[in-house]
1. With r defined as the distance between the Cβ atoms of Met1 and Thr83 and R0 fixed at 30 Å, what FRET efficiency is calculated, to the nearest 0.05?
2. Which helices, counted as full DSSP H runs in the chain, have an axial Cα extent of no less than 18 Å and a Kyte-Doolittle average of -1.0 or above?
3. Simple spin-label model, 7 Å along Cα-to-Cβ: Asp20 to Arg68 in nm?
4. If you wrap segment 2-131's Cα atoms in a convex hull and average its projection over all directions, what's the area in nm²?
Amino acid sequence: MILGIGTDLCNIERIQGTLDRFGERFVNRVFTETERRKAERRRDTAGTYAKRWAAKEACSKALGTGLRMGIAWRDMAVSNLRTGQPVMHVTGWAADRLGQMTPDGHEAIIHVTLTDDHPWAQAFVVIEARPRGSA
Ligand SMILES: CC(C)(COP(=O)(O)OP(=O)(O)OC[C@H]1O[C@@H](n2cnc3c(N)ncnc32)[C@H](O)[C@@H]1OP(=O)(O)O)[C@@H](O)C(=O)NCCC(=O)NCCS
């Protein structure tokens, strides 16, 4: 069953502006080391951050919390499989929230997909609950 969906569209130029203005302070507050490593070694650093920003916003919507002041952004993080497919990991408050919304006897799976076409970056997140022990 589907527990939640979320989407977000993020302007890459706005992220570039924030990077120019706040640099490390912004990056360290919002992104994990894995996300930073991926973005910093790419030519399109702002686009890579913008996709991950969109993923965090989309995930917070799928979790039903939306965006709150003081939210721990690094508790929703994107990594990539060897194929390039993105994977969302939740920790801290986001993992707690996921646990609360998951029915007994089920496990939650977070699906995420990202795309960008300058100046836009977009993410969709779907949270699925599967009965434990099913494929
Ligand atoms: C997946 C693919 C269609 C992405 O298309 P694109 O137009 O270049 O890029 P988009 O802006 O639409 O999407 C990029 C995002 O797609 C996602 N993505 C990449 N590979 C993916 C895959 N195998 N499955 C699902 N999502 C994937 C990533 O999240 C990526 O953003 P990120 O790298 O910042 O995390 C394209 O890269 C592809 O066909 N890959 C197949 C494998 C491949 O050719 N690998 C090249 C190295 S051999």
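1. Once rounded, the FRET efficiency stands at 0.65.
2. Flagged H segments are 45-62.
3. So the two model labels end up 3.4 nm from each other.
4. It is 7.8 nm².
Taken together, the values in this text are just the output of simple stated rules run on the coordinates, not laboratory data. Everything numeric here is computed off the predicted structure, so don't read it as measured data. All Cβ positions, even for glycine, are placed from backbone atoms using ideal geometry, and neighbour counts span all protein chains on display.
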